[in-house]
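Notes follow once the structure below has been shown.
Readers should treat all values here as calculations from the given coordinates under stated rules, not as data from a laboratory. This is a predicted model, so every value here is computed, not measured. Quick reminder, even Gly has a Cβ in these numbers, built from the backbone with ideal geometry, and neighbours come from all protein chains shown.
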Amino acid sequence: MAFIPRGIIPPVVTPTDENGSFNPVMFDKLLNHLLEGGVHGVFPFGTTGEFYAFEEDDYRRIITQAVETVNHRVPVYAGANSITTKGTIRLAKVAKECGADALSVLTPMFISQTQAELYEHYRAIAESTDLPIIIYNNRPKTNVHVTPETVAKLAEIPNIIAIKDSTGDMTNTAEYIRLTRHRDDFHVLMGRDTLIYAALCYGATGAIASCANVAPKVAVAIYEKFMAGDHAGALEAQFTLAPLRIATNMGTFPEVIKEGLRMQGIDVGKCVAPIAELTPEEKQKLYAVLQKMGLVQ
């Protein structure tokens, strides 16, 4: 496929109101904040978007709004995540109907499938749609790992065009790149915000970066400076972003991301229960990080 996932793609948080329901007005504000920050794509309904907390009607509404608001300025990558293959295929069809440009498909959770089962899962999904598909490996959250060897096999399927690696294991990311480097139709995206620069050095085409919700210009600078040949500038931008990603270990993910946006005046609401707010002490620490980054006064 000609579609190349590249640059900084934030997995967009899902704004909520005081009742925990989707807030479309704030979603528009957030999307425009990201576009003004120079992002190269938007990705609703990822882990950062609390995909597990919303119904299919919300899914349709959110993907549709993202497509309409972005209006072809950047690609819209829709998360299509389900424990079953048929559930994922159903969401893929909805995403296609809503106008999404590509799909991100997380490994099924809970059932701890084999590599052969993972291969068949992704193969069946790919056969069900003509949208480009990005495999999403988030082993720390799902306890399911797509091995580099399995990814190399999946890369042979025409519309499976990339993998996002959120393991935080740079050796694993490097193996994805090494085993698929002979293909010009398959790409690797970094999913750990502290390793964007390192992944670009190895040959990744970009990153799906949760912290880009809060600091889009900083995250974008890593990629743009790298592509311009300014490696020192790219590395400095990476060092600027790193404390924010490390701070996400406070509280339950993605509450730090939502709190960071609230501190900047983008009131995306709280995470859906049972995720709790940060403690006052944690909020102070986060504010200090944002202050040092120049994101708040």
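Ranked from highest to lowest mean number of other Cβ atoms within 10 Å per residue, what is the order of the peptides 29-41, 205-217?
205-217, 29-41
Here are labelled values, [x] 0.94; [y] 1.09; [z] 1.03, and one is the computed Rg/Rh (Cα atoms, Kirkwood Rh) for what I pasted. Which one?
Comparing each candidate, only [x] matches the computed number.
Please list, ordered by chain and number, the residues whose modelled amide H lies under 5 Å from the amide H of Thr16; skip anything fewer than 5 residues away on the same chain.
The list, which skips near neighbours in sequence, is Asn23, Gly269, Lys270.
Which residues does a label at Glu127 reach in region 74-98, if reach means a backbone N under 13 Å from a point 7 Å past the Cα toward the Cβ?
So the set is 86.
Report the calculated FRET efficiency for Thr114 and Gln297 (r = Cβ-Cβ distance, R0 = 35 Å), to the nearest 0.05.
0.10
With a sphere of radius 15 Å drawn around the Cβ of Arg73, what net charge do the other residues whose Cβ falls strictly inside it have (Lys, Arg +1; Asp, Glu -1)?
Net charge around Arg73: -3.
Just to be sure I understand: with springs between alpha-carbon atoms less than 10 Å apart, which residue in Phe186, Phe239, Phe27 has the highest mean-square fluctuation in the Gaussian network model of the chain?
Phe239
If you find the alpha carbon centre of region 1-52 and of region 123-188, how far apart are they in angstrom?
So the separation of the two Cα centres works out to 22 Å.
Just to verify a number: FRET efficiency for Lys285 and Glu236, C-beta to C-beta distance, R0 = 30 Å, to 0.05?
0.85
Please compute the length gained on full extension between Arg90 and His182, using 0.36 nm multiplied by the number of residues separating them and subtracting their Cα-Cα distance.
The span from Arg90 to His182 would gain 29.9 nm if fully extended.
If the label point is 7 Å along Cα→Cβ of Glu68, which residues in region 4-47 have backbone nitrogen under 16 Å from it?
22-32
So what are the ³J(HN,Hα) numbers for region 108-124, from phi and the Karplus equation (6.51, -1.76, 1.60; θ = phi - 60°), rounded to whole Hz, Gly and Pro as x?
Result, rounded to whole Hz: x, 8, 6, 8, 6, 6, 7, 5, 5, 5, 4, 4, 5, 4, 6, 4, 5.
How high is the relative contact order of the chain? Use alpha-carbon pairs under 8 Å, at least six apart in sequence, and give a whole percent.
Computed over the chain, the figure is 19 percent.
PRE reach from Phe3 (point 7 Å along Cα→Cβ): which of region 119-160 fall under 16 Å by backbone N?
Residues passing the 16 Å test: 122-136, 155-160.
Per 0.36 nm of contour for each residue apart, how much would the distance between Ala276 and Glu97 grow if the chain were fully extended, relative to their Cα-Cα spacing?
Gain in length upon complete extension: 61.0 nm.
Helix-only estimate, please: 222 nm mean residue ellipticity of the chain, summing -39500 (n - 2.57) across DSSP H runs of length 4 or more and dividing by its residues, to the nearest 500.
That calculation yields -14000 deg cm²/dmol at 222 nm.
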